[in-house]
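The values are calculated or read from the model by the stated rules, or taken from the named source; none is laboratory data. Here the structure is a predicted model, which is why all the values come from computation and not from measurement. Heads up, the Cβs are rebuilt from the backbone with ideal geometry, glycines too, and the neighbour counts pull from every protein chain shown.
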Amino acid sequence: MQTKTEATDLDAYVGARLTELRLQQRETVNSVARALGAVPEQVERWESGTQRIPASSLYDLAELLHCRISSFYGLSTTEDSSPHEHGAISELL
């Protein structure tokens, strides 16, 4: 049984999406860490999926990377899309 602090497959997926979104915006791990007041190693742990991203940091990351929070879950940014239409995230839930 997993504890609340253990990373899951979903955490790994969100971390991989963070990497993709960061690279799309041409941000470095260091620049993201600096903007969030974190150390680069923390961002690396999030990206590798070994640590969960706190909700407040996810919000800040979305602002920094000019995306919606749903983007970290691989969901479409259109309002009329259903989360069930997205295979990758549905498999993890």
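How many residues are closer than 18 Å to Glu6 by Cα, in a loop (DSSP other than H, G, I, E, B) and either in contact with a Lys or Arg (Cβ under 6 Å, 6 or more places away or on another chain) or not aliphatic (A, V, I, L, M) (or both) if we restrict to segment 43-66? Walk me through it before giving the result.
Initial filter on segment 43-66 (closer than 18 Å to Glu6 by Cα): 43-55, 57-58.
Those still in the list that are in a loop (DSSP other than H, G, I, E, B) too: 49-54.
Going one step further and asking which of them are either in contact with a Lys or Arg (Cβ under 6 Å, 6 or more places away or on another chain) or not aliphatic (A, V, I, L, M) (or both), we end up with 49-52, 54.
Going through segment 43-66 one residue at a time, the tally reaches 5.
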(request) Check segment 22-31 and report whether any residue there is touching a residue at least 24 places away in the same chain (Cβ under 8 Å) and either under 23 Å from Glu6 (Cα atoms) or touching a Lys or Arg at 6+ places or on another chain (Cβ under 6 Å) (or both). (result) no
(message) As an exercise: evaluate Asp80 against (1) surrounded by 12 or more Cβ atoms within 10 Å (Cβ to Cβ); (2) part of a loop (DSSP other than H, G, I, E, B); (3) modelled with pLDDT under 95 and give the number of the one condition it does not meet.
(response) (1)
(request) Taking the residues in segment 3-49 that are modelled with pLDDT of 95 or more and of a type in the set (Ser, Thr, Tyr) as candidates, determine which candidate is surrounded by the most Cβ atoms within 10 Å (Cβ to Cβ). (result) Tyr13
